[in-house]
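These notes are about the structure you will find just below.
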Amino acid sequence: MLDLNRLRVLAAVARHGSVTAAAAELHYSQPSVSHHLARLEAETGAQLFQRAGRGIKLTEAGLVLAERATEILGRVESASAELEAHVGLSAGRVRVAVFGSALVALMPEASAELAARHPGLRLDLVDTHPPEAMAMLRAGEVDVAVVFRYDETEPDPPGIRLTHLVDDPTFLLTTDDRDTIAQHRDGRWVAGCVRCRAHLVELCDREGFEPEVAFTTDDMVGIQALVASGMGVATIPGLALRGHRNPAVNAYEVPGAPRHVYAATYGEPPDPPPTAALLDVLTSLA
């Protein structure tokens, strides 16, 4: 049987890429970390790491085990939280990873409603992008991931359950009355990072052109400010406009281009009571 403490050491080394940093995080001595790694290799019969200069590098087997170790340790933490909440919803917590515009537009009201229904239940929030949120969910680091999907998004891996919350329309932001993407084919665009602008590129591709991205920012307030100053045009989700609306820009809904917002959970039902309580709140508000 694999030892949880040794798995915790392996996960820390994989996370930091250093025995020294792992020892500092775990409050172990460096020889103690090395001892745990050596014992883990002996228990598994696999070479988990190799020397690389003055440090170490995980082998392919080590990387596989480290990934599973992260998930196992997260599940153990989740089980502890579930047991704490087993007596009811008067205690416990629910951990949520949520993308930025939903954090601003959905979670404040959800937090207030959850507190009203279950005063003893603690809500922990992490602001992160959907891919990172899903990784945290699978690793057991959060109980719920509020994410969005477009029609062209790849299917989720097995074990993920999606609860639909809302279809969030996409808006074109301009300072004039040209209200379609095609009318701005020769204009300059404000867009997010390469990953975040994928939906914009897809929408422009439908109209037969590639957008000239002149300014890059993932800040939804910053996007509106740049458009308002005449630096370019942009697309933006409706939830972001709900959170903040610059009065100097015009917003035109783009037909047939919504993103679908879900609350994602992992594993077989039923959900733990704190998770189920949050899902009830989110679906009732959405």
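The values are calculated or read from the model by the stated rules, or taken from the named source; none is laboratory data. These numbers come from a predicted model, not from an experiment. Ideal geometry is used to build each Cβ from the backbone, glycine not excepted, and the neighbour counts take in all protein chains shown. Protein only, heavy atoms only, side chains kept; ligands, DNA and RNA dropped before computing areas. Shrake-Rupley method; radii C 1.70, N 1.55, O 1.52, S 1.80 Å.
Only one of these is out of contact with any helix residue (DSSP H, G or I) (no Cβ under 9 Å at 6 or more places or on another chain) and in a loop (DSSP other than H, G, I, E, B): GLU210, GLU154, GLU202. Name it. Walk me through how you get there before you give the answer.
Values: GLU210 fails: out of contact with any helix residue (DSSP H, G or I) (no Cβ under 9 Å at 6 or more places or on another chain); GLU202 fails: in a loop (DSSP other than H, G, I, E, B).
After ruling out the rest, the residue left standing is GLU154.
Could you check, for region 148-156, whether at least one of its residues is of a type in the set (Ser, Thr, Tyr) and either crowded, with 19+ Cβ neighbours inside 10 Å or more than 26 Å from the chain's Cα centre (by Cα) (or both)?
From region 148-156, those of a type in the set (Ser, Thr, Tyr) are 150, 153; that's our starting set.
From the residues that got through so far, the ones that are either crowded, with 19+ Cβ neighbours inside 10 Å or more than 26 Å from the chain's Cα centre (by Cα) (or both) too are none.
Checking region 148-156: not a single residue is of a type in the set (Ser, Thr, Tyr) and either crowded, with 19+ Cβ neighbours inside 10 Å or more than 26 Å from the chain's Cα centre (by Cα) (or both).
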Here are some residues: PRO247, PRO270. Which one is free of Cβ contacts under 8 Å to residues at least 24 places away in the same chain and either within 29 Å of ALA135 (Cα to Cα) or in contact with a Phe, Trp or Tyr (Cβ under 9 Å, 6 or more places away or on another chain) (or both)?
PRO270
Restricting to region 215-268, what's the tally of residues that are within 24 Å of LEU162 (Cα to Cα) and polar (S, T, N, Q)?
1
If I filter region 1-21 down to residues being without any contact (Cβ under 8 Å) to a residue 40 or more places away in the chain and of a type in the set (Val, Ile, Thr), which single residue comes out as most open to solvent (accessible area, probe 1.4 Å)?
THR20
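Would you please name the residue that is nearest to MET231 (Cα to Cα), looking only at residues in region 177-197 that are in a helix (DSSP H, G or I) and open to solvent by less than 60 Å² (accessible area, probe 1.4 Å)? So that I can check it myself, show each step before the final result.
Within region 177-197, the subset in a helix (DSSP H, G or I) is 182-184.
Now drop any that are not open to solvent by less than 60 Å² (accessible area, probe 1.4 Å), which leaves 182, 184.
On the way: ALA182: 18, HIS184: 13 Å.
Here the answer is HIS184.
Can you tell me which residue is least open to solvent (accessible area, probe 1.4 Å) among those in region 40-72 that are β-branched (Val, Ile, Thr) and closer than 12 Å to LEU2 by Cα? Before you say what the answer is, go through the steps one by one.
Residues of region 40-72 β-branched (Val, Ile, Thr): 44, 56, 59, 64, 70, 72.
Narrowing further to those that are closer than 12 Å to LEU2 by Cα: 44, 72.
Numbers: THR44: 55, ILE72: 70 Å².
Top of the filtered list is THR44.
Do the conditions hold for VAL126, that is, is it of a type in the set (Val, Ile, Thr), modelled with pLDDT of 90 or more, in a strand (DSSP E or B) and out of contact with any Phe, Trp or Tyr (no Cβ under 8 Å at 6 or more places or on another chain)?
Values: of a type in the set (Val, Ile, Thr): yes; modelled with pLDDT of 90 or more: yes; in a strand (DSSP E or B): yes; out of contact with any Phe, Trp or Tyr (no Cβ under 8 Å at 6 or more places or on another chain): yes.
For VAL126, the condition - of a type in the set (Val, Ile, Thr), modelled with pLDDT of 90 or more, in a strand (DSSP E or B) and out of contact with any Phe, Trp or Tyr (no Cβ under 8 Å at 6 or more places or on another chain) - is met.
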Leading residue by the ranking (surrounded by the fewest Cβ atoms within 10 Å (Cβ to Cβ)) among those in region 241-272 that are assigned to a strand (DSSP E or B) and more than 23 Å from the chain's Cα centre (by Cα)
GLU253
So which helices (runs of 4 or more DSSP H) stay within region 1-64 end to end and still have 2 or more residues that are more than 23 Å from VAL76 (Cα to Cα) and under 32 Å from the mean Cα position of the chain (by Cα)?
19-26
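Yes/no matrix, rows are residues, columns are (1) out of contact with any strand residue (DSSP E or B) (no Cβ under 8 Å at 6 or more places or on another chain); (2) among the aromatic types (Phe, Trp, Tyr); (3) over 18 Å from GLU67 (Cα atoms):
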| residue | (1), (2), (3) |
| --- | --- |
| VAL13 | no, no, no |
| HIS16 | yes, no, no |
| VAL19 | no, no, no |
| ALA24 | yes, no, yes |
| TYR28 | yes, yes, yes |
| SER32 | yes, no, yes |
| HIS35 | yes, no, yes |
| THR44 | yes, no, no |
| GLN47 | yes, no, no |
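Answer yes or no as to whether PRO237 is open to solvent by less than 70 Å² (accessible area, probe 1.4 Å) and touching a Ser or Thr at 6+ places or on another chain (Cβ under 6 Å).
On the way: open to solvent by less than 70 Å² (accessible area, probe 1.4 Å): yes; touching a Ser or Thr at 6+ places or on another chain (Cβ under 6 Å): yes.
For PRO237, the condition - open to solvent by less than 70 Å² (accessible area, probe 1.4 Å) and touching a Ser or Thr at 6+ places or on another chain (Cβ under 6 Å) - is met.
Regarding ASP219, is this residue free of Cβ contacts under 8 Å to residues at least 12 places away in the same chain and under 30 Å from ALA139 (Cα atoms)? Walk me through how you get there before you give the answer.
Details: free of Cβ contacts under 8 Å to residues at least 12 places away in the same chain: yes; under 30 Å from ALA139 (Cα atoms): yes.
Considered against the rule, which asks whether it is free of Cβ contacts under 8 Å to residues at least 12 places away in the same chain and under 30 Å from ALA139 (Cα atoms), ASP219 comes out as yes.
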